[in-house]
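Here the structure is laid out as structure tokens; the discussion comes afterwards.
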Amino acid sequence: MINPTPVNSKSSPYSANQVRRPLPRVMAMPPIKKKRTRITWRRMFALSLLLLLAGGGTYAYAYFNGVRSEIIIEHQGDSSSILSYDPSQSLSSLSASQFKQAGDGRFNVVMVGIGGDGHPGALLTDSIQVLSIDTINKKVGITSIPRDLYVNIPGFGSHKINEAYGDGEQTKAGNGGYLLRQVVGNVLGVNVSNFILLDFSGAKELVDTLGGIDVNVPKAITDPFFPDDNTVGYSPFHISAGLQHMNGTTALRYARSRETTSDFDRSARQQLVIAALKQKGLSLGTLSNPVKLTNIITTLGKHIRTDMQAGDIQKAMGIYKDIPASQTTTSVLDTTDSLGLLTSGSGTAAGYISYPVLGLSNYSAIHTWFQKNNPDPFIAKEAATISVTPAGSTTVKQAQALVTTLSTYGYKASLSTTPYRGSIRQTALYDTNGNKPFSHNYLSNFFNTTSQSGSPLSSGSNFEVLYVASSKS
């Protein structure tokens with residue numbers, strides 16, 4: 001066990017305030033820097049897979065069947081997800097009983113990037129991105145997890161999270177993605193049902209296969225410290241403002257450049273590239289060209305692996321294609337003071353690490369943050385109201401804490417002004433009108449009780465809770 005030494009957030013490599021100094025020309029750029037500059041590009045590559053295959057329709061999917069034996073590996077663990085039903089169905093035709101707890105209504109997939117270029121750390125994941133899709137309300141959230149997050153890897157002890165995939169693969173080929181899914185799910189407090197693994201070498205090839213992309217550059221960039229291909233010197237990069245046609249090399253540099261602008265600026269540029277990929281990938285010129293579609297799918301087949309099965313891939317592609325850019329949000333789990341979830345330090349065993357401000361392996365605040373940013377679609381759709389009142393020896397403060405928790409999940413919860421005078425030993429849940437079936441099921445499981453009909457508080461809310469706090473509360 002290491003004893004972390006705190007590091008000021010402004011000096012963290014994940015902080016937007018960090019000023020990255022250029023290395024002297026005589027020095028080789030360290031491998032870790034080379035990896036970190038590729039993080040969001042791999043995310044773009046993963047999203048492009050879904051977009052292009054979705055846009056290609058029947059032909060693209062039929063051709064994909066020819067390479068799927070290369071792409072798809074055996075799924076391990078629980079394969080249940082929101083993709084187990086047709087999201088185009090109405091809520092009334094779905095069975096609420098198949099969704100056990102808040103968050104089950106989202107499809108979560110972890111997208112990871114590895115070097116794939118022969119360096120010694122080829123099994124270390126350079127990037128970890130979680131794509132969380134709300135198929136009901138047509139929204140998507142993308143969360144970046146730092147590779148230096150110090151976590152417990154089942155069967156291996158405490159290490160940086162970027163080692164989880166390699167640990168699993170060394171135990172058994174094909175186990176890396178499953179182990180990483182477990183670790184990421186533990187950090188965020190959700191079920192991660194699938195993973196997508198990709199390597200870097202196909203990114204430029206993809207853009208070039210598309211014939212390049214058009215990006216409206218809001219301001220010119222001059223980066224004299226962009227690394228050269230051998231990472232031993234620099235290959236200065238400049239691009240002017242205005243509409244620019246980019247090939248794979250230029251698009252990659254535009255997305256990666258970070259030496260002369262802030263991380264916030266870089267994130268905005270990456271979003272522009274993602275939008276350009278989506279527009280070009282779904283354009284008539286691409287979708288109506290069988291040769292181009294074939295080349296795209298062949299390229300992707302060489303550089304991507306997933307445990308998503310063919311049917312789920314097709315569903316996910318169709319869902320993501322219909323989500324507008326305005327309904328896509330991005331978040332970075334970082335050590336900035338503004339976020340307040342992670343801090344950083346160093347230890348004798350692991351070197352630089354990041355870890356929760358509440359303490360090593362205490363992810364409760366992260367769970368709350370992720371849940372609030374990625375609410376369950378059925379909770380959001382039903383917008384159930386809940387009135388809570390303390391019962392038994394429960395205090396108003398304890399009841400208010402429950403209200404806060406329920407509000408975080410997306411319920412419209414409030415503390416009732418009507419006190420409960422009766423005597424009960426355990427929490428009682430009342431469904432006052434029976435027209436919120438998904439919330440009904442979630443709340444019954446949350447409180448581990450069978451709901452009752454009636455309205456003891458006469459609150460007018462959809463649900464009423466007579467709350468008896470446990471002795472641990």
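Nothing in this text is a laboratory measurement; each read-out follows from the coordinates by a stated rule. As the structure is a computational prediction, the values presented were derived from the model and not from experiment. Backbone-built Cβ (ideal geometry, glycine too); neighbour counts: all protein chains shown.
Please arrange F226, F195 by counting, for each residue, the other beta carbons lying within 10 Å of its beta carbon, fewest first.
Fewest-to-most Cβ neighbours within 10 Å comes out as F226, F195.
Rank these for me by crowding, T335, T222, going from fewest to most other beta carbons within 10 Å.
Taking fewest neighbouring Cβ atoms as first place, the list is T222, T335.
Calculate log10 I(q)/I(0) of the range 383-467 for q = 0.15, 0.16, 0.17 Å⁻¹, where I(q) comes from the Debye formula with a single equal point scatterer on each Cα and nothing for solvent.
Reported log10 I(q)/I(0), two decimals: -0.45, -0.52, -0.59.
Using a Förster distance of 22 angstrom, determine the FRET efficiency expected from the C-beta separation of Q76 and S361, and round it to 0.05.
Working: r = 24 Å, r/R0 = 1.07.
That pair, Q76 with S361, gives E of 0.40.
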